[in-house]
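Enquirer: After the structure tokens below, expect a handful of questions from me.
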Amino acid sequence: MAVMHTAIDTYAQPLLTAYANRQVFAADPATGPADSATAYAVQGAVWYAIAGDARPTAWKVAAPTRDDTPLTAPIQPQRVVIGSDAPAVFPANALIGLGVEAEIAVCLGHDLPVRATPYTRAEIQSAVASLHVAIELVDTRLADPQAAGPEWRLADSLQNGGLVIGSAIPVATDLSGPTVRITWGGQVQVDAIGKQPLDDLFYCLPWLVSHSGGLHAGDFITTGSWTGMHPVGLPAEVKVEFVGIGTAEVRLR
């Protein structure tokens with residue numbers, strides 16, 4: 001049965017209020033989106049209210065395991081900042097809280113339109129123009145994301161607060177077991193061997209092409225954390241370094 005638009009608006013409104021007021025709300029799974037289709041519709045309603053008809057040009061996508069259907073959320077255009085080899089600047093007052101994840105994002109070099117036959121890994125890889133060290137800024141509009149349940153978390157854009165794009169690295173870069181360092185507060189807070197999500201950076205992309213209605217040249221896709229999520233106080237200056245590979249850095253002021 002189709003979900004009434006009034007229900008979608010009912011679920012979207014507290015998220016929009018949380019964005020506007022920078023204040024979390026208590027989300028009850030019993031009175032929220034009942035399934036992923038509804039949660040994605042809420043994502044769409046929130047997107048339209050904030051970004052209008054703008055097409056997403058950045059996505060986050062991930063899956064807990066290869067046996068799970070991936071989950072995704074478009075990243076609002078004003079929350080994508082490109083720092084290249086210099087620190088990016090992101091307004092701290094756009095966030096309620098902050099967690100950071102060290103990630104590798106892909107940037108497409110040509111379009112991937114939807115088609116009946118899923119793209120192969122080789123086709124996806126050949127469409128990628130560059131890889132980028134990235135920082136996902138994790139934020140949530142939910143007072144207790146775990147208690148809220150998976151559909152509220154999906155509706156809440158998978159707790160995305162923003163994406164920082166750092167230095168470009170070649171597609172052929174060896175990403176096996178890199179040392180990942182994350183610095184904030186003037187100190188190295190994380191120094192660990194990074195693990196590639198699902199052991200394959202491109203694993204979820206064929207699914208994303210279908211789900212999103214096609215991807216375009218210049219789109220960025222980030223595919224999950226290499227060391228977990230790390231809470232950080234605001235304001236902050238954060239640097240993520242894949243040692244010997246590249247960096248991303250952001251000032252949240």
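Enquirer: Spot the failing condition for Val164; the list is (1) in contact with a Phe, Trp or Tyr (Cβ under 8 Å, 6 or more places away or on another chain); (2) surrounded by fewer than 20 Cβ atoms within 10 Å (Cβ to Cβ), and only one is missed.
Expert: Checking Val164 against (1) in contact with a Phe, Trp or Tyr (Cβ under 8 Å, 6 or more places away or on another chain); (2) surrounded by fewer than 20 Cβ atoms within 10 Å (Cβ to Cβ), the one that fails is (2).
Enquirer: Let me ask you something else. Among the residues of region 115-150 satisfying the criterion of being touching a Phe, Trp or Tyr at 6+ places or on another chain (Cβ under 9 Å) and of a type in the set (D, E, K, R), which is surrounded by the most Cβ atoms within 10 Å (Cβ to Cβ)?
Expert: My answer is Arg141.
Enquirer: Additional query: Do the conditions hold for Leu131, that is, is it within 29 Å of Thr38 (Cβ to Cβ), hydrophobic (A, V, I, L, M, F, W, C) and in contact with a strand residue (DSSP E or B) (Cβ under 7 Å, 6 or more places away or on another chain)?
Expert: No; evaluated as a whole, the condition is false for this residue.
Enquirer: Taking the residues in region 47-69 that are within 23 Å of Leu108 (Cα to Cα) and hydroxyl-bearing (Ser, Thr, Tyr) as candidates, determine which candidate is nearest to the chain's Cα centre (by Cα).
Expert: If we take residues in region 47-69 being within 23 Å of Leu108 (Cα to Cα) and hydroxyl-bearing (Ser, Thr, Tyr), then Thr57 is nearest to the chain's Cα centre (by Cα).
Enquirer: Please find, among Ala168, Ala92, Ala129, Ala148, the residue that is closer than 27 Å to Thr69 by Cβ and of a type outside the set (Val, Ile, Thr).
Expert: Only one candidate passes the filter, namely Ala148.
Rundown of residues vs (1) under 25 Å from His216 (Cα atoms); (2) touching a Phe, Trp or Tyr at 6+ places or on another chain (Cβ under 7 Å), yes/no style:
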| residue | (1), (2) |
| --- | --- |
| Thr6 | no, no |
| Tyr11 | no, no |
| Asn21 | no, no |
| Ala26 | no, no |
| Ala37 | yes, no |
| Val42 | yes, yes |
| Gly52 | yes, no |
| Asp67 | no, no |
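Enquirer: When region 48-61 is examined, which residues are found to be surrounded by fewer than 20 Cβ atoms within 10 Å (Cβ to Cβ) and not in a loop (DSSP other than H, G, I, E, B)?
Expert: Tyr48, Ala49, Ile50, Ala51
Enquirer: Let me ask something else about it. Hey, among Gly109, Gly99, which residue is small (Gly, Ala, Ser), at pLDDT 95 or above, under 23 Å from Gly213 (Cβ atoms) and touching a helix residue (DSSP H, G or I) at 6+ places or on another chain (Cβ under 9 Å)?
Expert: Gly109
Enquirer: Determine, yes or no, whether Leu142 is within 25 Å of Ser36 (Cα to Cα) and in contact with a Lys or Arg (Cβ under 9 Å, 6 or more places away or on another chain).
Expert: yes
Enquirer: Condition (residue is out of contact with any Phe, Trp or Tyr (no Cβ under 8 Å at 6 or more places or on another chain), of a type in the set (A, V, I, L, M, F, W, C) and either loosely packed, with under 14 Cβ neighbours inside 10 Å or at pLDDT 95 or above (or both)) applied to region 74-81: is it met by at least one residue?
Expert: No, the conditions are met nowhere in region 74-81.
Enquirer: When you scan region 97-115, how many residues do you find that are of a type in the set (Asp, Glu) and not in a strand (DSSP E or B)?
Expert: Result for region 97-115: 1.
Enquirer: Give region 116-160 a look and list any residue that's in contact with a Gly (Cβ under 9 Å, 6 or more places away or on another chain) and either without any contact (Cβ under 8 Å) to a residue 24 or more places away in the chain or not in a strand (DSSP E or B) (or both), or say none.
Expert: Ser126, Ala127, Asp139, Thr140, Ala148, Gly149, Glu151, Trp152, Ala155, Gln159
Enquirer: Only one residue in Ser157, Ser225, Ser212 is at positive phi and within 16 Å of the chain's Cα centre (by Cα), so which one is that?
Expert: Going through Ser157, Ser225, Ser212 in turn, just one is at positive phi and within 16 Å of the chain's Cα centre (by Cα): Ser157.
Enquirer: Could you identify the single residue in Thr69, Thr38 that is assigned to a loop (DSSP other than H, G, I, E, B) and of a type in the set (Val, Ile, Thr)?
Expert: Answer to the selection: Thr69.
Enquirer: Which ones in region 82-96 are part of a helix (DSSP H, G or I) and either free of Cβ contacts under 8 Å to residues at least 60 places away in the same chain or crowded, with 16+ Cβ neighbours inside 10 Å (or both)?
Expert: Ala94
Enquirer: Further question: Between Ala26, Ala12, Ala20, which is modelled with pLDDT of 95 or more, loosely packed, with under 13 Cβ neighbours inside 10 Å and within 22 Å of the chain's Cα centre (by Cα)?
Expert: Ala20
The values are calculated or read from the model by the stated rules, or taken from the named source; none is laboratory data. Everything quoted here is computed from the prediction, not taken from an experiment. Positions of Cβ are backbone-derived with ideal geometry, glycine not excepted, and every protein chain shown enters the neighbour counts.
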